[in-house]
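A.B. asks: Provided herewith is a single structure, encoded as structure tokens, for subsequent inquiry.
The values are calculated or read from the model by the stated rules, or taken from the named source; none is laboratory data. Please read all numbers here as calculations on a predicted model, not as lab measurements. As a convention, Cβ positions derive from the backbone with ideal geometry for all residues, glycine included, and neighbour counts pool all protein chains shown.
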Amino acid sequence: MARSSTMGFRFMLVGIGPHAKRTYIKHFKDLAAEGRGEIVAAVDIVANRNQVERYAMEHLPQAKLILVPQFAHSMPMDVQDQLNAAVQILQIDCIIVSTEPERHKLYGLWAIGLGLHVIMDKPISTRKDALNSPTQAIGIADDYNELLAAYRKLQTRKRTIFLVNSHRRYHPGFLGTKKFITEVREKTGCPVTSLVSTHCDGQWRLPDEIVDQHYHPFRYGYGKISHSGYHFLDTCYKFFEAGWSPEKRPDEIEMVATCFRPNDFMFALSYDEHSRALGRDAYNSHAKYSADELRHHMKDMGELDAMLQITFKRNNHVTGMAQLNLLHTGFSRRDWINHGSNPDLYKGCGRVKHEAHEIRSGPFQTIVIDSRQANDKHDRSKPSNAELGSDNHFEVQTWRNCGVLGDSQPLKTYTVSQLDRRYDSETTGLYVEHIKRGVLHEALDFLEGRKSLNDMTSNLPDHSIPATMMSAAYLSYIRRERGLNPVTHIDLTYTNDTATATIREGDLQVPQPPPPPPPVNHHPLPDPTSQQLKSIRVLISELSDSAQAQLSTCALDPDPYNVSVAALRADVKLST
């Protein structure tokens with residue numbers, strides 16, 4: 001499918017949000033200059049017309065701008081007609097889907113239907129109320145399977161790519177880590193036996209912002225797992241996969257999820273405590289919602305933080321265990337209240353990234369990946385700065401049983417500057433931002449005939465496990481909240497070494513929660529008169545010891561006066 005190098009391949013970008021601006025539009029400037037590819041059409045929603053038109057005039061002057069209405073469950077026919085016409089007239093080769101994830105499936109199915117190549121942001125899908133509704137949680141896996149079925153059907157008549165931009169698959173540090181894992185497995189037969197991964201954004205969104213935010217939101221009933229959590233479900237899968245042999249690869253995964261939601265955060269750090277930390281007068285004058293209003297708005301919101309326990313099994317034997325700590329809440333540099341008229345709540349709220357992984361292969365190897373920033377101004381990094389706390393801090397440590405493995409020493413470290421030299425990727429700026437272009441280069445390598453479909457690093461069929469684990473994580477939390485066993489099982493099968501993951505049928509059955517009990521309306525009697533009290537004292541004095549002991553329990557009743565008098569009368573009647 002090679003094309004003239006002076007012409008380049010033609011891309012349609014769907015979604016002109018913060019991520020697309022920082023990643024695709026930025027890197028296509030270089031690709032267009034090289035004659036490899038260019039964005040010739042860009043799609044966004046009508047509601048964003050003013051800001052999108054201003055941005056496109058400056059940054060996408062050659063691209064056709066297409067504005068469509070927002071839609072939910074299906075793509076309207078007039079929108080399909082509008083996009084189909086643009087694809088035909090502009091001779092589009094590949095669609096880049098960079099919308100919010102609830103729309104990913106719809107644009108993906110449309111592109112597959114036209115026989116086009118696809119690049120899609122992670123996660124492959126999410127659903128509104130994924131943290132509240134079992135149907136929506138399960139729907140995340142259903143969306144993946146629907147896309148996969150359509151893609152496989154297309155492959156029977158045309159070879160295309162459907163790349164998921166899970167960019168750590170292209171990161172030299174993670175690629176090197178997989179090689180270290182595979183080396184140990186080949187020498188010893190030992191798989192990865194445990195993994196602990198932590199990713200913390202260090203984002204401090206104020207309560208009002210949590211309520212109102214639409215980009216990377218919580219208000220739609222999903223959160224961190226759908227924001228960046230997919231990356232770490234995917235890296236978890238790829239680390240373990242690097243240690244699998246045909247005899248030890250799992251046939252089952254168990255998932256257990258715990259989540260920390262906005263109302264939990266407001267209990268941990270209350271309205272008044274926010275006010276005290278940031279200046280009472282300034283905070284109170286800026287706040288839009290009262291504490292009670294916040295509790296109401298936040299009731300069904302998605303997760304700020306999540307912790308996932310994952311167990312891999314083969315023939316009922318545990319082969320590996322993982323703990324994923326997926327956090328927005330952590331060390332932040334934010335100490336201000338007002339963001340101004342155009343707030344950046346994606347990367348501009350004191351965001352400081354800390355990421356760490358510890359991967360163990362039995363008694364033979366521990367790999368530690370550590371990346372910790374101290375600065376929230378992420379685009380000010382110097383080239384190849386690997387110091388702890390710098391924007392480009394990234395270090396891989398390998399601790400190896402050198403006597404068994406034949407290594408010269410037990411500890412080796414690799415910094416980002418060494419990785420730059422090793423992989424010939426000398427870059428300026430924030431290193432991880434340049435890794436995100438990997439999916440574009442791989443797509444163009446395929447389109448230019450340099451790589452085959454089997455060479456693709458992140459094609460859709462290889463995402464069954466992480467997509468299903470994401471679905472199972474939400475389902476596990478819902479099961480826990482409804483008083484059920486939170487362990488959610490995923491069954492695994494393999495075809496030509498490609499895994500297919502399916503949530504076990506029995507775990508899909510989640511009964512509706514019982515309705516809340518009707519409110520109890522107590523109607524206490526008026527306070528007794530002095531004559532009534534005198535009569536009660538006389539009656540009590542005449543009771544037996546056992547009757548008086550029984551009477552003392554009546555104090556637990558919501559209406560003790562009424563019950564006590566009834567009990568007294570019954571006891572007196574019996575005694576007479």
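A.B. asks: I need the full set of residues from region 480-515 which are free of Cβ contacts under 8 Å to residues at least 60 places away in the same chain, outside any loop (DSSP other than H, G, I, E, B) and of a type in the set (D, E, K, R), in order please.
C.D. replies: Once the filter is applied, which keeps residues that are free of Cβ contacts under 8 Å to residues at least 60 places away in the same chain, outside any loop (DSSP other than H, G, I, E, B) and of a type in the set (D, E, K, R), region 480-515 yields GLU481, GLU505, ASP507.
A.B. asks: Criterion first (buried (at least 21 other Cβ atoms within 10 Å of the Cβ), more than 23 Å from HIS227 (Cα to Cα) and of a type outside the set (Val, Ile, Thr)) does ALA111 satisfy it?
C.D. replies: yes
A.B. asks: Return the residues of region 245-262 that are over 27 Å from ASP300 (Cβ atoms) and in contact with a Pro (Cβ under 6 Å, 6 or more places away or on another chain); say none if nothing qualifies.
C.D. replies: Selection gives LYS248 alone.
A.B. asks: Is it the case that some residue within region 83-100 is buried (at least 20 other Cβ atoms within 10 Å of the Cβ) and either in contact with a Cys (Cβ under 7 Å, 6 or more places away or on another chain) or on the phi > 0 side of the Ramachandran plot (or both)?
C.D. replies: No, region 83-100 contains no residue that is buried (at least 20 other Cβ atoms within 10 Å of the Cβ) and either in contact with a Cys (Cβ under 7 Å, 6 or more places away or on another chain) or on the phi > 0 side of the Ramachandran plot (or both).
A.B. asks: Can you find a residue that is assigned to a helix (DSSP H, G or I) and surrounded by fewer than 18 Cβ atoms within 10 Å (Cβ to Cβ) anywhere in region 239-252? Talk me through it step by step, then tell me what you get.
C.D. replies: Step one: list which residues in region 239-252 are assigned to a helix (DSSP H, G or I), which gives 239-242.
Next cut, surrounded by fewer than 18 Cβ atoms within 10 Å (Cβ to Cβ) only: none.
No - not one qualifying residue is present in region 239-252.
A.B. asks: Name, by its number, the condition in (1) surrounded by fewer than 20 Cβ atoms within 10 Å (Cβ to Cβ); (2) at pLDDT 95 or above that does not hold for ASP212.
C.D. replies: Among (1) surrounded by fewer than 20 Cβ atoms within 10 Å (Cβ to Cβ); (2) at pLDDT 95 or above, the lone unmet condition for ASP212 is (2).
A.B. asks: From the list THR182, THR135, which residue is closer than 30 Å to GLY406 by Cα, assigned to a helix (DSSP H, G or I) and of a type in the set (S, T, N, Q)?
C.D. replies: On the way: THR135 fails: closer than 30 Å to GLY406 by Cα.
That would be THR182, the only listed residue that is closer than 30 Å to GLY406 by Cα, assigned to a helix (DSSP H, G or I) and of a type in the set (S, T, N, Q).
A.B. asks: Quick one: which residue in SER245, SER228, SER275, SER285 is among the small types (Gly, Ala, Ser) and within 18 Å of the chain's Cα centre (by Cα)? Walk me through how you get there before you give the answer.
C.D. replies: Working: SER245 fails: within 18 Å of the chain's Cα centre (by Cα); SER275 fails: within 18 Å of the chain's Cα centre (by Cα); SER285 fails: within 18 Å of the chain's Cα centre (by Cα).
Unique residue meeting the criteria: SER228.
A.B. asks: For region 91-135, how many residues meet the condition of being of a type in the set (Lys, Arg) and closer than 24 Å to ARG22 by Cβ?
C.D. replies: We begin by selecting, within region 91-135, every residue of a type in the set (Lys, Arg); these are 103, 105, 122, 127-128.
Keeping just the survivors that are closer than 24 Å to ARG22 by Cβ gives 103, 105, 122.
Counting residues in region 91-135 that are of a type in the set (Lys, Arg) and closer than 24 Å to ARG22 by Cβ gives 3.
A.B. asks: Of these, ILE96, ILE124, ILE112, which one is in a loop (DSSP other than H, G, I, E, B) and of a type outside the set (Asp, Glu)? Steps first, please.
C.D. replies: Numbers: ILE96 fails: in a loop (DSSP other than H, G, I, E, B); ILE112 fails: in a loop (DSSP other than H, G, I, E, B).
Residue meeting the stated conditions: ILE124.
A.B. asks: Looking at region 104-132, I want the residues that are at pLDDT below 95 and have a partner that is assigned to a strand (DSSP E or B) with Cβ atoms under 8 Å, at least 6 apart or on another chain. Which pairs are those?
C.D. replies: From residues that are at pLDDT below 95, there are no pairs.
A.B. asks: Now a separate question. It is to be established whether one or more residues within region 497-519 are under 30 Å from LEU163 (Cα atoms), in the same structural domain as TYR237 (by TED's automatic domain parsing), modelled with pLDDT of 60 or more and more than 25 Å from the chain's Cα centre (by Cα).
C.D. replies: yes
A.B. asks: Output the residues belonging to region 313-338 that are within 25 Å of the chain's Cα centre (by Cα) and part of a loop (DSSP other than H, G, I, E, B).
C.D. replies: HIS328, THR329, GLY330, PHE331, SER332, ARG333, ARG334, listed by residue number.
A.B. asks: Only one of (1) under 28 Å from ARG168 (Cβ atoms); (2) in contact (Cβ under 8 Å) with a residue 60 or more places away in the chain is not met by PRO262, so which one is it?
C.D. replies: That leaves (2) as the condition not met.
A.B. asks: With respect to PRO250, is the statement that it is in contact with a Leu (Cβ under 8 Å, 6 or more places away or on another chain) and more than 30 Å from ARG169 (Cβ to Cβ) true? Spell out the reasoning first.
C.D. replies: Working: in contact with a Leu (Cβ under 8 Å, 6 or more places away or on another chain): yes; more than 30 Å from ARG169 (Cβ to Cβ): no.
Here the answer is no, as PRO250 does not meet what is asked.
A.B. asks: Still on this structure, please answer the following. May I ask you to list the residues in region 277-295 that are part of a helix (DSSP H, G or I) and exposed (fewer than 12 other Cβ atoms within 10 Å of the Cβ)? Steps first, please.
C.D. replies: In the first step, residues of region 277-295 are kept if they are part of a helix (DSSP H, G or I); the result is 277-278, 280-286, 291-295.
Correct list: ASP281, SER285, ASP292.
A.B. asks: Under 7 Å by Cβ, and 6 or more places apart or on different chains, what pairs join a residue from region 391-418 that is under 15 Å from CYS190 (Cβ atoms) with one that is assigned to a loop (DSSP other than H, G, I, E, B)?
C.D. replies: TRP399/PRO410; ARG400/PHE364; ARG400/ASP407; ARG400/PRO410; ASN401/PRO363; ASN401/PHE364; VAL404/PHE364; LEU405/PHE364
A.B. asks: Can you tell me which residue within region 21-61, out of those that are of a type in the set (S, T, N, Q) and either in contact with a strand residue (DSSP E or B) (Cβ under 7 Å, 6 or more places away or on another chain) or closer than 23 Å to HIS104 by Cα (or both), is surrounded by the fewest Cβ atoms within 10 Å (Cβ to Cβ)? Steps first, please.
C.D. replies: Applying the first criterion (of a type in the set (S, T, N, Q)) to region 21-61 yields 23, 48, 50-51.
Imposing the further condition that a residue be either in contact with a strand residue (DSSP E or B) (Cβ under 7 Å, 6 or more places away or on another chain) or closer than 23 Å to HIS104 by Cα (or both) reduces the set to 23, 48, 51.
Values: THR23: 21, ASN48: 15, GLN51: 12.
So, considering only residues that are of a type in the set (S, T, N, Q) and either in contact with a strand residue (DSSP E or B) (Cβ under 7 Å, 6 or more places away or on another chain) or closer than 23 Å to HIS104 by Cα (or both), the one surrounded by the fewest Cβ atoms within 10 Å (Cβ to Cβ) is GLN51.
A.B. asks: Go through the residues of region 2-12 one by one and say whether even a single one is among the aromatic types (Phe, Trp, Tyr), touching a strand residue (DSSP E or B) at 6+ places or on another chain (Cβ under 6 Å) and not in a strand (DSSP E or B). First the steps, then the outcome.
C.D. replies: Restricting attention to region 2-12, the residues satisfying the condition of being among the aromatic types (Phe, Trp, Tyr) are 9, 11.
With touching a strand residue (DSSP E or B) at 6+ places or on another chain (Cβ under 6 Å) added as a condition, the list becomes 9, 11.
Restricting the remaining residues to those that are not in a strand (DSSP E or B) gives none.
There is no residue in region 2-12 that is among the aromatic types (Phe, Trp, Tyr), touching a strand residue (DSSP E or B) at 6+ places or on another chain (Cβ under 6 Å) and not in a strand (DSSP E or B).
Conditions (1) farther than 19 Å from HIS231 by Cα; (2) of a type in the set (Gly, Ala, Ser); (3) free of Cβ contacts under 8 Å to residues at least 12 places away in the same chain, marked per residue:
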position	(1), (2), (3)
ASP281	yes, no, yes
ASP292	yes, no, yes
LYS299	yes, no, no
ALA306	no, yes, no
ASN315	yes, no, no
LEU324	no, no, no
ASN338	yes, no, no
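A.B. asks: Further question: Which of (1) closer than 19 Å to LEU131 by Cα; (2) buried (at least 24 other Cβ atoms within 10 Å of the Cβ) is the odd one out, the single condition THR235 does not satisfy?
C.D. replies: Going through (1) closer than 19 Å to LEU131 by Cα; (2) buried (at least 24 other Cβ atoms within 10 Å of the Cβ) one by one, THR235 breaks only (1).
A.B. asks: Further, regarding this structure: Kindly indicate the residue of region 253-273 that is of a type in the set (Gly, Ala, Ser) and not assigned by TED's automatic domain parsing to the domain that holds MET469 and also surrounded by the most Cβ atoms within 10 Å (Cβ to Cβ) among those meeting that condition.
C.D. replies: Applying the first criterion (of a type in the set (Gly, Ala, Ser)) to region 253-273 yields 257, 268, 270.
Remaining after also requiring not assigned by TED's automatic domain parsing to the domain that holds MET469: 268, 270.
Details: ALA268: 10, SER270: 14.
Applying the filter and picking the extreme gives SER270.
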